[in-house]
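The values are calculated or read from the model by the stated rules, or taken from the named source; none is laboratory data. What you are looking at is a predicted structure, and each value in this text was computed from that prediction instead of being measured. Cβ placement follows ideal geometry from the backbone for every residue including glycine, while neighbour counts extend to all protein chains displayed. To get the accessible areas, we keep the full protein, side chains included, count just its heavy atoms, and leave off ligands, DNA and RNA. Shrake-Rupley method; radii C 1.70, N 1.55, O 1.52, S 1.80 Å.
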Amino acid sequence: MDVALRRGLSLKTAFPFMISRRTLSLFWRCGAGKPWPPAPTGRRGAAAPHRHAHSGASEGTERSPSAAPERRPFSRLSEEDLAFFRETLPGGAITDPDLLEAHNIDWLKSVRGHGELLLRPQTTAQVSEILRYCNDRNLAVNPQGGNTGLVGGSVPVYDEIILSTALLNNILTFDPVSGILTCQAGCVLEGLSGYLEEQDFIMPLDLGAKGSCHIGGNVATNAGGLRLLRYGSLRGTVLGLEVVLADGRVLDCLSTLRKDNTGYDLKQLFIGSEGTLGVITAVSVLCPRKPSAVHVAFLGCQTFEQLLGTFKLCKGMLGEILSAFEFLDAACMGLLNTHLKLPNPITDCPFYIVIETSGSNSAHDEEKLHSFLEEAMTSSLVTDGTVASDDTKVKALWSMRERVTEALTHDGYTYKYDVSLPVEGLYQLVTATRDHLGSRAKNVVGYGHVGDGNLHLNVTSSGPDPSLQGAIEPFVYGWTAGVRGSVSAEHGLGLKKRNYIYYSKPRPAVALMGHIKTLMDPRGILNPYKTLPDDLD
């Protein structure tokens, strides 16, 4: 079903009950919506301070809370250390600066470390040996998956040893009855998806970085992605983990049971811990069946209120077949047009929606989609749109949402904010940030996951600009806290956002996190300088 929706034809003429594959057109008028209440200025609970990092700053110089603190007193790599690692990992202990370069810099090229050693183990036993030795020697370790993180959590800050999971890349088992996959942490998400599709299953998460990211890194950051609306978060779909602790002990919680109510659910400690509590080496995950019928609608709205009205209607009318509801604004579309030469598949609108339905009966899904679009038209919620079911066209429509991050990299230096907000005010932060920054920013754009209230706010400039960053932060975090949102929805805190945790968590909760970290990693060797704030040291 590939249908363009434009003005000039009646719905019954253009969109019959059983939708044909020919291209048809409809336009319909949008109504006005009521503005959401203005952005609040208060913060949740006790005031979240505009924190200054004291360590490493010159006297009298204010420093960004996202800047690196001083290096902690970890040991320096010695020749004896190198000899041990070379013996433990023949061919897997790399010191060549040219090979180390890509592992020392993050995907955004905004954080650069100085790691002098890259280790590439192939087994859990090797990871155990490495961590046992590093803990004994007080050598800091930076676990690294596909290095697609956006908050500086996946690369060294100083000279930490880089522990790559790239060679832990084997699929261990798959049960076609239960749909439970067990694999090593270094398996690339796209590779797992391809394997499962051959078995008539899919992964429960899908990300724009699926061609590079590792499942272990996905779990360690509790990645959300495009399918969370339908299949939930990794906290629900991950059934078990194998983790190597800081002292080298192997924690085998690699369960494949849907139900296990014996004691504490320890795997939840490591999901979203960003490699600070242990190194994930294997994962078992519950995978859904591959839908036999997939349709994608790309729609345009005149106001965000109409977009929200479309979402409400969509949930009610598409129900169990709704698998994604994403949005991007006109500024995102402009970047896609300018930098990636992707043409707008519909007429220009202030807001765009990507809706995906997934089911087992194409005729049933088409009927439900037809009814939804009819109601959206008569309710004046959408101005233009196109619908596709052909794989090539489905991927083309999805690219309008998935490639926004890529387009931003061509627009200049990008300040990225990944926040959770009440859905009804999701876009108000974008408007407030534009008003707050004025002409200081090159572009301020918003896109994200409407279905789970996750906004990706991005601000671009011609280059790194500390004064611009100072104007953005803590404004964005204070605004978010004022509506009881979260300063990190799915990217984690990493290096860049560690000191902003108090905008989303009360001090007693953060203190308890510090106690857990100390209990599990007393010497603090695992991914130091990340996730937890500096004032816990």
When restricted to GLY113, GLY56, the only residue at pLDDT below 95 and small (Gly, Ala, Ser) is GLY56
Q.
For the structure I just gave you, tell me whether ASP452 is open to solvent by 10 Å² or more (accessible area, probe 1.4 Å), acidic (Asp, Glu) and either in contact with a helix residue (DSSP H, G or I) (Cβ under 7 Å, 6 or more places away or on another chain) or within 30 Å of GLU366 (Cβ to Cβ) (or both).
A. yes
Whether any residue in the range 99-106 is touching a Ser or Thr at 6+ places or on another chain (Cβ under 8 Å), open to solvent by less than 40 Å² (accessible area, probe 1.4 Å) and among the charged types (D, E, K, R) is what I want to check.
yes
Output for Cβ contacts, cut-off 6 Å, separation at least six or different chains, first residue open to solvent by 80 Å² or more (accessible area, probe 1.4 Å) in the range 496-517, second small (Gly, Ala, Ser) and assigned to a helix (DSSP H, G or I), reads none
Here, helices (runs of 4 or more DSSP H) confined to the range 159-232 with at least 1 residues that are open to solvent by less than 10 Å² (accessible area, probe 1.4 Å) are 189-198, 215-220
Looking across the range 233-263 at residues that are more than 22 Å from LEU139 (Cα to Cα) and basic (Lys, Arg), the single one that is surrounded by the most Cβ atoms within 10 Å (Cβ to Cβ) is ARG235
Residue set SER128, SER110, SER178; condition within 30 Å of THR405 (Cβ to Cβ) and of a type in the set (Gly, Ala, Ser); output residue SER110
In the range 336-379, anything small (Gly, Ala, Ser), in contact with a helix residue (DSSP H, G or I) (Cβ under 8 Å, 6 or more places away or on another chain) and in contact (Cβ under 8 Å) with a residue 60 or more places away in the chain is listed as SER358, GLY359, ALA376, SER379
Just one listed residue, out of GLY153, GLY146, is farther than 30 Å from GLY319 by Cβ, part of a loop (DSSP other than H, G, I, E, B) and touching an Asp or Glu at 6+ places or on another chain (Cβ under 6 Å), and it is GLY153
Listed by range, strands (runs of 3 or more DSSP E) wholly within the range 332-443 having at least 2 residues that are at pLDDT 95 or above and surrounded by 15 or more Cβ atoms within 10 Å (Cβ to Cβ) are 351-359, 413-420
Scanning the range 291-314 for residues that are open to solvent by 40 Å² or more (accessible area, probe 1.4 Å) and touching a Phe, Trp or Tyr at 6+ places or on another chain (Cβ under 8 Å), the one farthest from ASP390 (Cα to Cα) turns out to be GLU305
Pairing a residue in the range 469-487 that is closer than 13 Å to HIS436 by Cβ with any residue that is crowded, with 21+ Cβ neighbours inside 10 Å and acidic (Asp, Glu), where Cβ atoms lie under 8 Å and the two sit 6 or more apart in sequence or on different chains, gives none
**Message:** Based on this model, can you work out whether THR480 counts as part of a helix (DSSP H, G or I) and open to solvent by 40 Å² or more (accessible area, probe 1.4 Å)?
**Reply:** no
Within the range 319-331, residues being outside any strand (DSSP E or B), touching a strand residue (DSSP E or B) at 6+ places or on another chain (Cβ under 6 Å) and closer than 20 Å to LEU228 by Cβ number 1
Open item on the list: Tell me whether the range 178-193 contains one or more residues that are farther than 22 Å from GLY359 by Cα and β-branched (Val, Ile, Thr).
Closed with: yes
